[in-house]
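The structure appears below as structure tokens.
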Amino acid sequence: MIIKALRQFWFCVGIATFAAQVFAADLRVMISAGFYGVYEQMAPEFERQTGYKLITTRGPSIGDSPEAIPTRLAGGQQADLVILDGESAENLAKLGFVKPDSIAILAFSQIGAAIKQGTPKLDISNVEQFRKTLLAAKSIAYSDSGSGTYIANQMFGKLGIQDQVKDKSIKVRGPPSGESVAAVVARGEAEIGFQQVSEIIHTPGITYLGPIPKAMQPGFSFAAGVTSNSIQAKGASELIQFLSAPSMGPVISKAGLIPAR
């Protein structure tokens with residue numbers, strides 16, 4: 001009788017273990033900072049609905065740092081899905097790292113500005129005032145990801161101030177080993193800082209000035225795509241569908257992004 005009971009017990013354990021392996025498959029996601037707030041909030045619900053366990057790696061959308069998503073993929077790190085700015089997703093597809101027909105736009109984004117809480121408000125209401133503010137600022141911070149690359153390589157040039165602001169500009173290394181631009185501004189280490197709105201608005205210790213003038217916005221989007229060597233391609237597609245559903249609109253808006261649907 002005891003032997004029979006033990007057999008039944010171990011049979012049940014085996015079934016439970018098998019079920020855990022089937023229903024808790026790891027789904028590996030590489031994600032940049034701009035959409036991370038939405039993803040972090042909704043990840044537990046996706047796991048509950050599907051049984052997948054999300055294994056998340058953070059890094060910039062672009063750049064040659066060891067943490068940058070393109071660098072990780074080029075170095076052979078495995079991922080099933082990437083979530084990053086739309087242009088970078090398209091570039092990864094051209095390089096063969098992402099399946100082109102899998103790419104889906106999740107949200108649109110603007111670059112915003114922040115100053116330390118309690119300091120005099122700066123005027124960025126139009127292009128000319130924005131230009132004057134940057135020239136007068138003692139220090140300017142931007143990220144090492146897509147928004148910062150645009151600011152340093154294009155926006156300053158459009159404003160005709162690249163040489164004037166070069167020596168007072170600070171490139172901030174972002175997560176996972178770094179921090180947000182807003183955190184640097186909150187400590188007073190930069191007079192004004194720029195980053196995706198979604199990465200600024202919920203940071204304590206700063207005053208959000210609003211988005212930079214429309215004429216200076218690069219038209220960023222955030223997209224998801226299944227990697228070419230995905231082990232869990234079905235799960236990756238399910239996560240894309242989950243994050244791009246119309247019901248995600250309020251969550252995306254609250255995070256400071258503009259829903260794509």
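The values are calculated or read from the model by the stated rules, or taken from the named source; none is laboratory data. Every value quoted in this text rests on a predicted model; they were computed, and no experiment measured them. Virtual Cβ from ideal backbone geometry, glycine too; neighbours counted across all protein chains shown.
Please specify each residue of the range 211-244 satisfying the condition of being loosely packed, with under 14 Cβ neighbours inside 10 Å and under 25 Å from Q110 (Cβ atoms).
The answer is K214, A215, G219.
If only one of S221, S237, S247 is among the polar types (S, T, N, Q) and not in a helix (DSSP H, G or I), which one is it?
Result of the check over S221, S237, S247: S221.
Name the single residue, out of those in the range 245-261 being within 16 Å of G34 (Cα to Cα) and small (G, A, S), that is surrounded by the most Cβ atoms within 10 Å (Cβ to Cβ).
Among them, the one singled out is A255.
Taking into account only those residues within the range 26-44 that are over 18 Å from Q196 (Cα atoms) and free of Cβ contacts under 8 Å to residues at least 40 places away in the same chain, which is surrounded by the most Cβ atoms within 10 Å (Cβ to Cβ)?
Residue satisfying both the conditions and the ranking: A43.
Determine which member of the set R58, R72 is surrounded by 16 or more Cβ atoms within 10 Å (Cβ to Cβ) and either touching a helix residue (DSSP H, G or I) at 6+ places or on another chain (Cβ under 7 Å) or outside the structural domain of L27 (by TED's automatic domain parsing) (or both).
The match here is R58.
Only residues that are modelled with pLDDT of 95 or more and of a type in the set (S, T, N, Q): list them for the range 154-191, please.
Q154, Q162, Q164, S169 - these are the residues of the range 154-191 that are modelled with pLDDT of 95 or more and of a type in the set (S, T, N, Q).
Can you name the residue in the range 116-144 that is outside any loop (DSSP other than H, G, I, E, B) and touching a Ser or Thr at 6+ places or on another chain (Cβ under 8 Å) and, of all such residues, is modelled with the lowest pLDDT?
Within the range 116-144, the match that is modelled with the lowest pLDDT is S143.
Six or more apart or on different chains, Cβ atoms under 6 Å: show the pairs whose first residue is in the range 122-136 and among the aromatic types (F, W, Y) and whose second is not in a helix (DSSP H, G or I).
F130/I124; F130/P213
Which pairs do you get when a residue that is in contact (Cβ under 8 Å) with a residue 40 or more places away in the chain, found in the range 163-180, comes within reach of a residue that is of a type in the set (D, E, K, R), reach meaning Cβ atoms under 7 angstrom, with the pair 6+ apart or on two chains?
Here the result reads R173/D144; G174/D144; P175/R58; P176/R58; P176/E67; S177/E67; S180/E199, each pair linking the range 163-180 to a residue that is of a type in the set (D, E, K, R).
So G188 passes all but one of these: (1) at negative phi; (2) in a loop (DSSP other than H, G, I, E, B); (3) assigned by TED's automatic domain parsing to the domain that holds D123; (4) among the small types (G, A, S). Which condition number does it fail?
It fails just one condition, (1).
From the set of residues in the range 150-195 that are surrounded by 21 or more Cβ atoms within 10 Å (Cβ to Cβ) and among the hydroxyl-bearing types (S, T, Y), which is nearest to the chain's Cα centre (by Cα)?
S180
When you look at R131, is it outside the structural domain of G34 (by TED's automatic domain parsing), of a type outside the set (A, V, I, L, M) and surrounded by 16 or more Cβ atoms within 10 Å (Cβ to Cβ), yes or no?
Yes, satisfied.
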